[in-house]
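Enquirer: Structure incoming, see below.
The values are calculated or read from the model by the stated rules, or taken from the named source; none is laboratory data. These numbers come from a predicted model, not from an experiment. Heads up, the Cβs are rebuilt from the backbone with ideal geometry, glycines too, and the neighbour counts pull from every protein chain shown.
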Amino acid sequence: MSKVTSKLQVTLPKALAERYGIRPGDEITWKPSAEALRVELPGREETSSLTREQKLALFDESWKRQLKRQARRPRSRPPRTRGWTREELYGDRGRPR
């Protein structure tokens, strides 16, 4: 998490700067987007000029990558038994008679 200084400056976390190839002296653009701010990097606005079909193709590719990542994750363990059932705890309460 970053803090805004008294001069309204924000420090970009190192991990994000490395991930997106941002270096000292690079210029970024702040754009309002609904109730958030969007940071745009110069020369990387090419997605705004893509057609709808191209954007959908990019989305499909990213979705396939996400499914592969999820498949590599270990499955969550099965739920533990509580030692009681809902019927034992509540009985017939709340059920129509």
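Enquirer: What pairs can you find where one residue is in segment 24-47 and polar (S, T, N, Q), the other is loosely packed, with under 10 Cβ neighbours inside 10 Å and at pLDDT below 85, and their Cβ atoms are less than 9 Å apart, with a gap of 6+ or different chains?
Expert: Partner pairs satisfying both residue conditions: T29/P42.
Enquirer: Same structure, new question: Scan segment 56-90 for residues that are in a loop (DSSP other than H, G, I, E, B) and of a type outside the set (S, T, N, Q) and jot them down. Outline the logic, then answer.
Expert: So in segment 56-90, the residues in a loop (DSSP other than H, G, I, E, B) come out as 73-85.
Of everything in segment 56-90, those that are in a loop (DSSP other than H, G, I, E, B) and of a type outside the set (S, T, N, Q) turn out to be R73, P74, R75, R77, P78, P79, R80, R82, G83, W84.
Every residue, every condition in (1) at pLDDT 90 or above; (2) touching an Asp or Glu at 6+ places or on another chain (Cβ under 8 Å); (3) over 30 Å from V10 (Cβ atoms); (4) not basic (K, R), yes or no:
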| site | (1), (2), (3), (4) |
| --- | --- |
| R23 | no, no, no, no |
| T29 | no, yes, no, yes |
| S33 | no, no, no, yes |
| P42 | no, yes, no, yes |
| E45 | no, no, no, yes |
| R52 | no, no, yes, no |
| F59 | yes, no, no, yes |
| L67 | yes, no, yes, yes |
| R73 | no, no, yes, no |
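Enquirer: Kindly provide the set of residues from segment 1-34 that are part of a strand (DSSP E or B) and among the hydroxyl-bearing types (S, T, Y), ordered by number.
Expert: So the first thing to find is which residues in segment 1-34 are part of a strand (DSSP E or B), and the list is 4, 10, 29-33.
Correct list: T29, S33.
Enquirer: Looking only at residues in segment 35-55 that are of a type outside the set (D, E, K, R) and in a loop (DSSP other than H, G, I, E, B), which one is surrounded by the fewest Cβ atoms within 10 Å (Cβ to Cβ)?
Expert: So in segment 35-55, the residues of a type outside the set (D, E, K, R) come out as 36-37, 39, 41-43, 47-51, 54.
Then drop every residue that is not in a loop (DSSP other than H, G, I, E, B), which leaves 41-43, 50-51.
On the way: L41: 13, P42: 9, G43: 6, L50: 12, T51: 8.
Checking each candidate, the answer is G43.
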